[in-house]
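A short write-up of the structure that comes next.
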Amino acid sequence: MSTYGWLIDEKLCIECRACESACKTWNQLETGVGVRWRQVRVREMGVFPQVRQQALTGSCHHCENAWCMKVCPVKAIWRRASDGTVQIDQDKCVGCQQCAMFCPYGAPQFNLRTRKMSKCTFCIDRQEQGLDPACVTLCPTGALQYGPWDEIQKQGSETTENFAPPRQTRPRVRFIKDAFPVSR
Amino acid sequence: MSEMREHLAQLYAELGQALLQPPRDQQAAIEYYRLFFNPQGTPCPLWQSVYEKEEGKPPQLFGEAHHRALAWYRRYGFEPSAKNEPADHLGLLLLFYAKLLADGEPADVLEQFENDHLRWAEAFVSKLKAEARHPYFQELAAKLDENL
Amino acid sequence: MALTRRDWLKTTGAGMAAAPAALGAFEDYFQPAASGSAAVTKAISCCGICSPACGLQATIQDGVVRFIEGLPGDAHGLGHLCGKGAASVNYLYDPDRLKYPMKRTNPRKGFYEDPGWVRISWTEALDEIAFRMKQTIDNYGREALLFLTLPSPDLWLRFMNAMGVVNRIDHRDECFQTDMIIQRYTTGGKTWCNDFENSKYILLFGWDIVAKAKIIYANGVVEARKKGAKVVHFSPNYTATSRFANEWILVKPGSDLAIALAMIQVIISENIYNKEFVDNYTNFGKYESEIRAHFAQYTPEWAEGISGVKAADIRRIAREFAASRPAIAPAHKKSLCANYMNGTQLVHAISILNILAGTIDRPGGRYFPRTHSIPSVDAIYPPPAYPPKTGRRVDGRDKLPLVNEVDCGIFSTLADGMLNKYPGMIKFAFWNAYTILAFPNPKTMEEAMKTVDFTVVMDFIPTDTVSMADIVLPSTMYLEVNDAVARDYNAKYPQTVARTAVSAPAFETRSIGWVAIELGKRLCPDYFKTPDGSWISPATLLDEKVRRAGLGENFADFRAKGIVETKQPFTPRTSFVTVSGADGKCQIYVPQFIARGADPLPKWIPKREEPTEHYPYYYMTFIPAIHKRNTTQNMAILNEIMPTNHAIINPAMAKKHGISEGQKVLVRSRAGQIELPAHLSETVPPDVVMVAHGFGHTSRALSKAGGKGVRDGDLIANPSIDDFIKAGNFGGSSCIMDAVCSIEPL
């Protein structure tokens, strides 16, 4: 099956949150109930003045070995055969939050009002119209891209700083780690 | 049966109208704007989209409920005259429901409309009961409570 | 079920006002459906959250906007939007939006009084406003009118000019006013296009351009780095821009001027400036001895003492800047122009650095925008002569001739003017879209509002100012209006994008341009007629503008195109038309400044306040990328990401005072105090307290933003015009974060 993966180049992230706004508006997500399918996490490291920051956008990685799917007691999480994306069936979800506990990336989100889980769908409704996911469409610098997984997985690194080791879950993401060139 | 329908249609139309325009009495009119269109903060918004939280949708104007209400109106060949205002204003919904009643629509259609566009108003009515200070609106709140 | 559940006997409507027959009422509110459908369409427009107005596409279903994304081919957004623009639907469909004109029925005004609003018609609102304006002029003169607004759109400016409004006051002293003044005299115009992507060396003083999320600039820096450019960021704190820089260099707050002066000294004394440009296109030769003598004192060693940056590094960076060609030092907007008392001097020094680099209107440097010439309403319908603007400026701006020349400002001295210098002079105030947080010290501006007899607030969300208004007018927002918007931040060749009304104005909202015409009809009709005697209409005016600018036959034609560009090669200027008296050359030394009470060359002046025993820390404020100043906090998505502000302090400072993460602290300055939770971060030095601007809206009418956070500005003491003159701040930099403070745990 053809499936997709994310390609992230952190050094290009300008923390504009266009990816977050795009996801929320396209998917009509409610605000104020703890549901943010995509988030840019800014982390600082070091001690002043040897301080630095990392800005890392993240949503669901539709892992090859999705733990969320494995631990769901009511089988509300399933993989679409057509594109390998991992989806949550809202009707079946009972809000036990096991998936959130086992996901290393914080992908499933608990809605404080509906008491159910939801997460990034990889914008399958947009993909079906031949469009890119909303977040990728809005990213101004190309820090966030996506593509067919068989092409993406050949690029970059499997992991990056502040990212859970990928060996267990095999998330469909790669990180571009080469630095900006310096001309002299 | 038809007399009862007519009475109910009249009632709902009156309730709808009371929400769509301010009463003539000046003090009651000030209260109308304080409750529904207050630039200091509206305690009782009148539009379904603003309450649409059960389905996890964001509260906003011109949300999903606006579209669904518009679809209902159009199925019967109508549209709100105020084109730039949301179609899911409770007053409009009540007026439309009154029309369905008066036109003799069957019970299952009425029930469908109630589920789609009147059930949510319980939240509005409890807000109105809590917030209404003027007797006109306290009465209105009580009437809405009984009949919704 | 509906019929059996109800006891219809109870419900005969006793006690309710009589209403017409049920079905009659239905006809009042419904009409036959048009043959329109729920089709999905896309429309082109421009964002309006910040001035670059990035092009956007809106996906529309049944007249309702469902999704917003960038516009490919647009020179500003480059096909993208930032998180603010992408969340535009939050603005458009905010349930808190002002919907109808309203007037108060409770004559008692106060920030916690209930005004007793009732809806009125636009006709009644405009009649009342016109009556009040006329009454004010007749009784107190035109100086008693205060218009808090930018001088745009041109219809609105025309109205204010026709009424002889003396006190039209805007916020640009907190923005780029100082740079505008300096550029007029040093390069001949606003060189605010920054050709970062072709630059080899980008020198940033404090300006957090990446995190301000003006994506045009951020993209330029990214492109530059991809090509191997060097980015140097002088800043007191570590920001997203520091992350992008090759070198982040720690400086003491307000000391950038010392570094800039020392860099000039190195470049001039070592003769490493761009000789070709400097000899041919500047007045360096004419004033060489004055210039060399003046900068001699500003050695890197001297600058080290002030800024904390090692002299060797200053020297090295000056040499790198001079040697890396092309090099650029941008200086646009608040961060450099308005932060401290030495803002004017700083932007002059930075302009000189760019001149010495020889990149004025050259690839890789600061250049003048090439735009389509879109005529203003005055060019299309020449007005009768405007009356003279006689009267006193309540902000005291008449004492700063250079600021008068550019007709900007002054927010930072306004409250002082209204309360102390000219108390009671202002009788009528019209607020166009400014919130109370737009002022350096909002508290004093609240006091100033109380002294005004009649206040009109026009905005599209109900901010704090609404509580003091007599009449509230609901404004359209940018997705509800038509316009032609030039690209002027990234403008190597002219490009103009159609702003189209992707959504019909909601409820009874109207644009300020329309209000201008309606008030004009009532108060100064001769200024609002076309040559054939009919009233000017916004639609016909726009058609005419589009036609004369060559963008299309009319607006509908332009709208269908969406983007119109006139590709042409970039021809660098060889003549720099600075203010009359100059000779077509860039001016390093500005002789015209002397007669205008200003320094012909930038000199060192310190920031207004340095730490004292009582206030031992620098107070700094910043604008987070996720918000635009003080206007977007009520947008639901943005509010969720950043709902409030904190006192950001270094863990060392926290430890010293026994403050833990999230603990409430009291931050005090000589002007006021604020209470807010602390956030510990290694990105700020141990002697700085950093607070985000834009929070502390008190109005509960802002259901997302109201009551969250505190006002950073309450710690800033209002400067006076005399303070400016005494300090040499002839450009009126607003000192928007020039304060020192203390901190204690609560």
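Could you look through the range B:9-53, keep only residues that are assigned to a loop (DSSP other than H, G, I, E, B) and more than 7 Å from every other protein chain (Cβ to nearest Cβ), and pick out the one that is farthest from B:Lys127 (Cα to Cα)?
B:Asp25
What strands (runs of 3 or more DSSP E) lie completely within the range C:577-689 and have 3 or more residues being among the charged types (D, E, K, R) and within 30 Å of C:Tyr478 (Cα to Cα)?
Counting at least 3 such residues, we get no strands (runs of 3 or more DSSP E) at all.
Matching residues to (1) crowded, with 22+ Cβ neighbours inside 10 Å; (2) of a type outside the set (Val, Ile, Thr); (3) within 20 Å of the chain's Cα centre (by Cα):
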position: C:Pro686; (1), (2), (3): no, yes, no
position: C:Val689; (1), (2), (3): yes, no, no
position: C:Gly696; (1), (2), (3): yes, yes, yes
position: C:Leu715; (1), (2), (3): yes, yes, no
position: C:Ser720; (1), (2), (3): no, yes, no
position: C:Asp723; (1), (2), (3): no, yes, no
position: C:Lys726; (1), (2), (3): no, yes, no
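Give me the pairs: first residue in the range C:449-469 and free of Cβ contacts under 8 Å to residues at least 12 places away in the same chain, second residue of a type outside the set (S, T, N, Q) and surrounded by 24 or more Cβ atoms within 10 Å (Cβ to Cβ), beta-carbon distance under 7 Å, and six or more apart or on different chains, which are they?
Pairs that qualify, where the first residue is free of Cβ contacts under 8 Å to residues at least 12 places away in the same chain and the partner is of a type outside the set (S, T, N, Q) and surrounded by 24 or more Cβ atoms within 10 Å (Cβ to Cβ): there are none.
When the residues of the range A:145-184 are filtered to those that are within 14 Å of chain C (Cβ to nearest Cβ) and in contact with an Asp or Glu (Cβ under 8 Å, 6 or more places away or on another chain), which remaining residue is surrounded by the fewest Cβ atoms within 10 Å (Cβ to Cβ)?
If we take residues in the range A:145-184 being within 14 Å of chain C (Cβ to nearest Cβ) and in contact with an Asp or Glu (Cβ under 8 Å, 6 or more places away or on another chain), then A:Ile176 is surrounded by the fewest Cβ atoms within 10 Å (Cβ to Cβ).
Out of C:Asp179, C:Asp173, which single residue is farther than 20 Å from C:Lys492 by Cα, out of contact with any Cys (no Cβ under 6 Å at 6 or more places or on another chain), surrounded by 24 or more Cβ atoms within 10 Å (Cβ to Cβ) and away from every other protein chain (no Cβ under 13 Å)? Full working, then the answer.
Values: C:Asp179 fails: out of contact with any Cys (no Cβ under 6 Å at 6 or more places or on another chain).
When all the criteria are applied, what remains is C:Asp173.
Which condition does B:Glu31 not pass, out of (1) of a type in the set (D, E, K, R); (2) in contact (Cβ under 8 Å) with a residue 60 or more places away in the chain; (3) surrounded by fewer than 20 Cβ atoms within 10 Å (Cβ to Cβ), if it passes all the others?
(3)
Determine, yes or no, whether C:Ala318 is crowded, with 24+ Cβ neighbours inside 10 Å and assigned to a loop (DSSP other than H, G, I, E, B).
no
Quick one: in the range C:207-229, which of the residues that are at the interface with chain A (Cβ under 7 Å from one of its Cβ atoms) and not in a loop (DSSP other than H, G, I, E, B) is farthest from C:Asp313 (Cα to Cα)?
First pass over the range C:207-229, keeping only residues at the interface with chain A (Cβ under 7 Å from one of its Cβ atoms): C:210-211, C:213, C:215, C:218-219, C:222, C:225-226, C:228.
Filter again for not in a loop (DSSP other than H, G, I, E, B), leaving C:215, C:218-219, C:222, C:225-226.
Working: C:Ile215: 30, C:Ala218: 26, C:Asn219: 28, C:Val222: 24, C:Arg225: 21, C:Lys226: 25 Å.
Checking each candidate, the answer is C:Ile215.
Given the residues A:Cys60, A:Cys103, which is the only one that is over 19 Å from A:Ala134 (Cβ atoms), away from chain C (no Cβ under 14 Å) and either in contact with a helix residue (DSSP H, G or I) (Cβ under 7 Å, 6 or more places away or on another chain) or modelled with pLDDT of 95 or more (or both)? Full working, then the answer.
On the way: A:Cys60 fails: over 19 Å from A:Ala134 (Cβ atoms).
Of A:Cys60, A:Cys103, the one residue that is over 19 Å from A:Ala134 (Cβ atoms), away from chain C (no Cβ under 14 Å) and either in contact with a helix residue (DSSP H, G or I) (Cβ under 7 Å, 6 or more places away or on another chain) or modelled with pLDDT of 95 or more (or both) is A:Cys103.
Kindly indicate whether C:Ser235 is surrounded by 24 or more Cβ atoms within 10 Å (Cβ to Cβ), within 13 Å of chain A (Cβ to nearest Cβ) and polar (S, T, N, Q).
In short, no.
From the set of residues in the range C:520-558 that are of a type in the set (Gly, Ala, Ser) and surrounded by fewer than 16 Cβ atoms within 10 Å (Cβ to Cβ), which is farthest from C:Ala486 (Cα to Cα)?
Top of the filtered list is C:Gly533.
Condition check: surrounded by fewer than 17 Cβ atoms within 10 Å (Cβ to Cβ) and either more than 14 Å from chain B (Cβ to nearest Cβ) or closer than 16 Å to C:Ser45 by Cβ (or both). Does C:Asn490 satisfy that? Before the answer, list the steps.
Details: surrounded by fewer than 17 Cβ atoms within 10 Å (Cβ to Cβ): no; either more than 14 Å from chain B (Cβ to nearest Cβ) or closer than 16 Å to C:Ser45 by Cβ (or both): yes.
Considered against the rule, which asks whether it is surrounded by fewer than 17 Cβ atoms within 10 Å (Cβ to Cβ) and either more than 14 Å from chain B (Cβ to nearest Cβ) or closer than 16 Å to C:Ser45 by Cβ (or both), C:Asn490 comes out as no.
What residue, among those in the range C:272-315 that are touching a residue at least 60 places away in the same chain (Cβ under 8 Å) and of a type in the set (Phe, Trp, Tyr), is surrounded by the most Cβ atoms within 10 Å (Cβ to Cβ)?
In this case the residue turns out to be C:Tyr298.
Just give me the residues in the range C:112-123 being surrounded by fewer than 16 Cβ atoms within 10 Å (Cβ to Cβ) and within 14 Å of another protein chain (Cβ to nearest Cβ), in sequence order.
C:Tyr112, C:Glu113, C:Asp114, C:Ser121
Please state which one of C:Tyr201, C:Tyr185 is over 22 Å from C:Ala75 (Cβ atoms) and within 14 Å of chain A (Cβ to nearest Cβ).
C:Tyr201
Condition first: surrounded by 23 or more Cβ atoms within 10 Å (Cβ to Cβ), away from chain A (no Cβ under 13 Å) and not acidic (Asp, Glu). Can you find one or more residues in the range C:29-44 that meet it?
no
Mind checking which residues of the range C:545-576 are of a type in the set (A, V, I, L, M) and not in a loop (DSSP other than H, G, I, E, B)?
Passing the criteria: C:Val546, C:Ala556, C:Ala560, C:Ile563, C:Val564.
Could you please let me know if B:Arg5 is surrounded by fewer than 17 Cβ atoms within 10 Å (Cβ to Cβ) and either within 9 Å of chain C (Cβ to nearest Cβ) or in contact with a Phe, Trp or Tyr (Cβ under 7 Å, 6 or more places away or on another chain) (or both)? If you could, list the steps in order and put the result at the bottom.
Values: surrounded by fewer than 17 Cβ atoms within 10 Å (Cβ to Cβ): no; either within 9 Å of chain C (Cβ to nearest Cβ) or in contact with a Phe, Trp or Tyr (Cβ under 7 Å, 6 or more places away or on another chain) (or both): yes.
No: the conditions fail for B:Arg5.
Among (1) assigned to a helix (DSSP H, G or I); (2) surrounded by fewer than 16 Cβ atoms within 10 Å (Cβ to Cβ); (3) within 7 Å of another protein chain (Cβ to nearest Cβ), which single condition is B:Lys83 missing?
(1)
Within the range A:34-50, track down each residue that is in contact with a helix residue (DSSP H, G or I) (Cβ under 9 Å, 6 or more places away or on another chain) and free of Cβ contacts under 8 Å to residues at least 40 places away in the same chain.
Matches in the range A:34-50: A:Val40, A:Val42, A:Val47, A:Phe48.
Which pairs do you get when a residue that is of a type in the set (A, V, I, L, M), found in the range A:110-134, comes within reach of a residue that is surrounded by fewer than 17 Cβ atoms within 10 Å (Cβ to Cβ), reach meaning Cβ atoms under 6 angstrom, with the pair 6+ apart or on two chains?
From the range A:110-134, the pairs are A:Leu112/A:Gly34.
Among C:Glu565, C:Glu640, C:Glu553, C:Glu544, which is more than 15 Å from C:Thr186 (Cβ to Cβ) and in contact with a strand residue (DSSP E or B) (Cβ under 7 Å, 6 or more places away or on another chain)? Before you say what the answer is, go through the steps one by one.
Working: C:Glu640 fails: in contact with a strand residue (DSSP E or B) (Cβ under 7 Å, 6 or more places away or on another chain); C:Glu553 fails: in contact with a strand residue (DSSP E or B) (Cβ under 7 Å, 6 or more places away or on another chain); C:Glu544 fails: in contact with a strand residue (DSSP E or B) (Cβ under 7 Å, 6 or more places away or on another chain).
Going through C:Glu565, C:Glu640, C:Glu553, C:Glu544 in turn, just one is more than 15 Å from C:Thr186 (Cβ to Cβ) and in contact with a strand residue (DSSP E or B) (Cβ under 7 Å, 6 or more places away or on another chain): C:Glu565.
Condition (residue is assigned to a helix (DSSP H, G or I), modelled with pLDDT under 95 and in contact with a helix residue (DSSP H, G or I) (Cβ under 7 Å, 6 or more places away or on another chain)) applied to the range C:251-269: is it met by at least one residue?
Scanning the range C:251-269, I find no residue that is assigned to a helix (DSSP H, G or I), modelled with pLDDT under 95 and in contact with a helix residue (DSSP H, G or I) (Cβ under 7 Å, 6 or more places away or on another chain), so the answer is no.
Quick test for you: out of C:Asn139, C:Asn90, pick the one residue that is in a helix (DSSP H, G or I) and crowded, with 18+ Cβ neighbours inside 10 Å.
The match here is C:Asn90.
Do we find a residue being at the interface with another protein chain (Cβ under 8 Å from one of its Cβ atoms), touching a helix residue (DSSP H, G or I) at 6+ places or on another chain (Cβ under 6 Å), touching a residue at least 60 places away in the same chain (Cβ under 8 Å) and surrounded by 22 or more Cβ atoms within 10 Å (Cβ to Cβ) anywhere in the range B:54-68?
no
The values are calculated or read from the model by the stated rules, or taken from the named source; none is laboratory data. Since this is a predicted model, take the numbers as computed values, not measurements. Backbone-built Cβ (ideal geometry, glycine too); neighbour counts: all protein chains shown.
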